[in-house]
Structure formats: structure tokens, C-alpha cells
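Undergrad: Please find one structure pasted underneath; my questions will follow.
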Amino acid sequence: MAKFELKLPKMGESVAEATITSWLKEVGDTIEADEPVLEIATDKVDSEVPSEVDGKLIEILFEADDVVEVGQTIAIIETDGDVEQEDDLDLDLEDDEDEESTTETEQHVAEAEAAVETAKETAGGSDYSESDRFYSPLVKNIAKEENISLKELETVKGTGKNGRVTKDDILAYVENRSSKSQENSDVHKSASKPDHLEPAFKNQESTVSSGEDEIIEMSRMGKMISKHMIDSVQTSAHVQSFIEVDVTNIWNWRNKHKEVFQKKEGEKLTFTPIFMEAVAKAIRDFPLINISVDGDKVIKKKNINLGMAAALPDGNLIVPVIKNADRLNLVGMAKAVNDLANRARQNKLKPDDIQGGTYTVTNVGTFGSIMGTPIINQPQVGILALGAIRKMPAVIETPEGDFIGIRYKMILSHSYDHRVVNGALGGQFVQRVAQYLEGFDKNRVL
């Protein structure tokens, strides 16, 4: 018999911890490899943690609502054969003479108890743990920030599994609650704004100054994004290169094939997979764009994993990753793009979906911007912004002479880290992306 440590997996470059929302297995249960063992939640994703091995769950080291750091052991699984694992912790639960293992176990228990005590201390005036109804840590935090009592929270209708109150349920309740309070001037209640309307702010009572201005505290998510952006600017020497691209051939080709593609593949054909395909090809031509910096060392990435900025239901952005993007054909790229975008909208991304990116693409044209100066997603060294596609008058060169015509054009904005990417490489890379887009074969067959 061997004992395998189930650890909290890495969930992205900026995610250091997660909250255990519920255990799907109990001590003594038999577990198969890849079978979900527990559910976790972060500020970005709700996900399940699967087992890496077959075996029996013999110990749970943290309880629901505990906050666990990435890499911490959260459970012990007993297996029939030998298990190779880095930093293996061989816990002998029946041998009192194994002092080191006992010390490790006690440490985990102490950490779990400390997390529970911390949660109690920060719970404010309402003790939601007294309820027989399950509430996730996120729902509890929103309720606490909105000064919603346990009695009031119990009245919120849940649309989740087994009637569970979801984030959308509590936010909808808060919005209706705020609307009613504004209509009734005799009753003083919170005039808060829900996260899906003000992504950078948290739900709480505003402080009115001078009778006009209001001060709204940033949400936890907003604070994390703010810190991530500041850290990136302070770390990397940001430089931008811009180039205008004629995408008329792509525009016409897509319009011609999108209905056929929908019927044949069951997927929508957007511009994004075409752009991502061109970026992947350009990175293959310029591999020194596909790097990261670690102190005085440059790490050249073997795989081309493209991050794709996508919108969440609450208005925040997340960057799921298309793994080995250069190995996908256009159909495969379209399926990957659509799958990640759909699961992002439904809050169904898994931790692995948002980690391992080596280069990021963001579509600022979605918001009507013709160009942008995006901030690098650390520890990457470059990010490409896609501007809106517009009809533009252009000089068209032909053997018979030049003339003015209407073309579909867009601007590519490339931000890169000037510590390791000089102007020549940064400019040549975005130029190569433009060349692939302008050279798109209008007779291409799906």
C-alpha cells in the first residue's frame, strides 16, 4: 500500500489560494483516477479537483470553507501500488513512531483550524454557519458586505444545484434590494452597485461627499486586477508597435463560409480563430516572443499556448489558454476558441484552462476601440490587441494604375517588454502577423 498526497493544483499565474466549497467524497470512499474529489472556488473560477490516482480516501485535511494555498496537501489517498510523486509525504497513520509524519499531519490540522477561526473573525455581525442551508464563501462575502442578515439571506431563492444560492442569485437580490431602497426615501438601506454593473467595485454602501460625489470601495477582484496591472507596469518596460492591416479577403471569405461552417461543424465561425492562427504562425517564426523572464534568465517556451481574453458574466475579464495553438488547423482553432469563450460565460472554466499561457491576444475591437495599449500579462513578454474592423478608403495598386477603393481594415497594437524584446523584434513580429492576415487565401477550402 502507498499513500498519495492530493494537493491543490495551480490555477493560474495570479491565483495563490482557493476556498474549498464542498467535498464530493468522504473518508473511506473508493476513488478512480480523474474522478472529482472536491469543489473549490477562487475569485476567477469555480472548479472541481480530480484525483490523479485510483485508491481509497483515508484522510481529509481541510474542511469546507477553509482557504488553502496552491500546492498544499488537502487529502490523502491510499493506493494499491507504488506512486511516484514529487516531495512525497509518506504518512503512516497507524504508526505512532513516525514522528515526522505526525508532525506534518498536526501542522495541516492546525492550518485548517486557523483558517476556520480567521473566517469566523471576519464574518462580521452575521454568523451564516448557523444555517442548515449551504452558502458558498463568495455568497457569504457578498451578503456580509451588503449587511444582509442570516434571516434575510434565508429568503433568497436559489437556482443552483439542490436550491443552492449562486453568485447571480445574490447579486440579483442585491440589485432589487437597492432599487427598492432608492424608491423608498423614508427607509435607509444600502445604495450599492452589483459587481456585474461595476466590476471594479464591491457591493457596499456608498459614501456621499459634497452632496454629489460617491466613494465606492473596490471589490476584492478589482483590487487583485489593480495589483496585477501595477506589478506588470513596474516589472516590464512597456513599448508599443502599431500596424494597419487590410483584412478584406478575410472579411469576404468568412461571410461566404460562415453558414456552411455552422452546418458542417456545429460551430460559429468568428474572426478570432483566424487571427489566433496568424499569431501562432508568427510566434513560430519569431520564437523569442514566446519567452518569459526569471531574474537575469530568459526562459524560452517550448509550447505555443495562446491566452485569449474573454468576458465573464460579471463584466470582468479572464484569460483562458489555447494549448499548443500552432498545432491546430482552423477548424480545431475555432472549436477551441468557442469552447473556452462559452465556458467562460457560463463560469465553467477549470483551473487548467487559465494557466500555462505564453502569449496573450485581446480583442479591444469588441468594445468599439480602433486600437489599444494593453498591459502585458506577466510573466509573458508580449500581448497583442486587435482593433475594430472598419470600412476605410484605401489606395489600391493594380497593373493598370492606382485607384481609391473601400477596404476592411484594422489596427494591431503590440505591447512588449523592452527588457528582452527590442524594437526590431517587436515590430517584425506584429508585421509578420499582418502579413499572414493580408495574405489570407480567399480561395481557402474548409
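Undergrad: For segment 297-323: of the residues being in contact with a helix residue (DSSP H, G or I) (Cβ under 8 Å, 6 or more places away or on another chain) and of a type in the set (Gly, Ala, Ser), which is nearest to ILE354 (Cα to Cα)?
TA: ALA310
Undergrad: Are there any pairs, at least 6 apart or on different chains, whose C-beta atoms fall under 6 Å, with the first in segment 40-69 and in contact (Cβ under 8 Å) with a residue 12 or more places away in the chain and the second aromatic (Phe, Trp, Tyr) and in a strand (DSSP E or B), and if so, which?
TA: Matching pairs, first to second residue: VAL53/PHE4.
Undergrad: Considering only segment 135-175, how many residues are small (Gly, Ala, Ser), surrounded by fewer than 18 Cβ atoms within 10 Å (Cβ to Cβ) and either touching an Asp or Glu at 6+ places or on another chain (Cβ under 9 Å) or closer than 21 Å to VAL67 by Cβ (or both)? Talk me through it step by step, then tell me what you get.
TA: Quick first cut of segment 135-175, residues small (Gly, Ala, Ser) only: 136, 143, 149, 158, 160, 163, 172.
Okay, now just the ones that are also surrounded by fewer than 18 Cβ atoms within 10 Å (Cβ to Cβ), so 149, 158, 160, 163, 172.
Checking which are either touching an Asp or Glu at 6+ places or on another chain (Cβ under 9 Å) or closer than 21 Å to VAL67 by Cβ (or both) leaves us with 158, 160.
Residues in segment 135-175 being small (Gly, Ala, Ser), surrounded by fewer than 18 Cβ atoms within 10 Å (Cβ to Cβ) and either touching an Asp or Glu at 6+ places or on another chain (Cβ under 9 Å) or closer than 21 Å to VAL67 by Cβ (or both): 2 in total.
Undergrad: So, of the residues in segment 215-244 that are of a type in the set (Val, Ile, Thr) and without any contact (Cβ under 8 Å) to a residue 12 or more places away in the chain, which turns out to be surrounded by the most Cβ atoms within 10 Å (Cβ to Cβ)? Steps first, answer last, please.
TA: Filtering segment 215-244 for residues of a type in the set (Val, Ile, Thr) gives 215-216, 225, 230, 233, 235, 239, 243.
Still in the running and without any contact (Cβ under 8 Å) to a residue 12 or more places away in the chain: 215, 230.
On the way: ILE215: 9, ILE230: 11.
Taking the candidates together, the pick is ILE230.
Undergrad: In segment 303-338, what residues are more than 22 Å from GLY160 (Cα to Cα) and of a type in the set (Asp, Glu)? Break it down into steps so the answer makes sense when it comes.
TA: First pass over segment 303-338, keeping only residues more than 22 Å from GLY160 (Cα to Cα): 303-310, 317-338.
The answer is ASP326, and nothing else.
Undergrad: Which residues, taken from segment 245-276, are free of Cβ contacts under 8 Å to residues at least 60 places away in the same chain, closer than 22 Å to ILE370 by Cα and under 27 Å from the mean Cα position of the chain (by Cα)? Working first, answer last.
TA: Taking segment 245-276 first, the residues free of Cβ contacts under 8 Å to residues at least 60 places away in the same chain are 254-256, 258-259, 262-263, 266.
Keeping just the survivors that are closer than 22 Å to ILE370 by Cα gives 254-255.
Those that are free of Cβ contacts under 8 Å to residues at least 60 places away in the same chain, closer than 22 Å to ILE370 by Cα and under 27 Å from the mean Cα position of the chain (by Cα): none in segment 245-276.
Undergrad: When only residues in segment 392-403 that are under 17 Å from GLU244 (Cα atoms) and out of contact with any Phe, Trp or Tyr (no Cβ under 6 Å at 6 or more places or on another chain) count, which is surrounded by the most Cβ atoms within 10 Å (Cβ to Cβ)?
TA: Keep residues of segment 392-403 that are under 17 Å from GLU244 (Cα atoms), which gives 392-397.
Checking the rest, the ones that are also out of contact with any Phe, Trp or Tyr (no Cβ under 6 Å at 6 or more places or on another chain) come to 392-395, 397.
Details: MET392: 14, PRO393: 10, ALA394: 16, VAL395: 9, GLU397: 9.
Across segment 392-403, the extreme among qualifying residues is ALA394.
Undergrad: Please count how many residues of segment 342-396 are among the β-branched types (Val, Ile, Thr) and under 14 Å from the mean Cα position of the chain (by Cα).
TA: From segment 342-396, those among the β-branched types (Val, Ile, Thr) are 354, 358, 360-362, 364, 366, 370, 373, 375-376, 381, 383, 389, 395-396; that's our starting set.
Next, from what is left, pick out any that are under 14 Å from the mean Cα position of the chain (by Cα): 354, 360-362.
Total meeting the criteria: 4.
Undergrad: Same structure again: One residue is enough: does segment 393-410 have a residue meeting the conditions in contact with a strand residue (DSSP E or B) (Cβ under 7 Å, 6 or more places away or on another chain), in contact (Cβ under 8 Å) with a residue 12 or more places away in the chain and within 22 Å of ASP285 (Cβ to Cβ)?
TA: Our first condition is that a residue be in contact with a strand residue (DSSP E or B) (Cβ under 7 Å, 6 or more places away or on another chain); within segment 393-410, this holds for 393-396, 402-410.
If we keep only those that are in contact (Cβ under 8 Å) with a residue 12 or more places away in the chain too, we end up with 393-394, 405-410.
Then drop every residue that is not within 22 Å of ASP285 (Cβ to Cβ), which leaves 410.
Scanning segment 393-410 turns up at least one residue that is in contact with a strand residue (DSSP E or B) (Cβ under 7 Å, 6 or more places away or on another chain), in contact (Cβ under 8 Å) with a residue 12 or more places away in the chain and within 22 Å of ASP285 (Cβ to Cβ).
Undergrad: Moving on. For segment 381-412, which residues satisfy the criterion of being at pLDDT below 95 and in a loop (DSSP other than H, G, I, E, B)?
TA: Residues satisfying the conditions are PRO399, GLU400.
Undergrad: Which condition number does VAL445 fail, the rest of (1) in contact with a strand residue (DSSP E or B) (Cβ under 8 Å, 6 or more places away or on another chain); (2) β-branched (Val, Ile, Thr); (3) free of Cβ contacts under 8 Å to residues at least 40 places away in the same chain being met?
TA: (1)
The values are calculated or read from the model by the stated rules, or taken from the named source; none is laboratory data. Note that the structure is a prediction, hence the values are computed from the model and not measured. For neighbour counting, all protein chains shown are included, and Cβ atoms are generated from backbone atoms with ideal geometry for every residue, glycine included.
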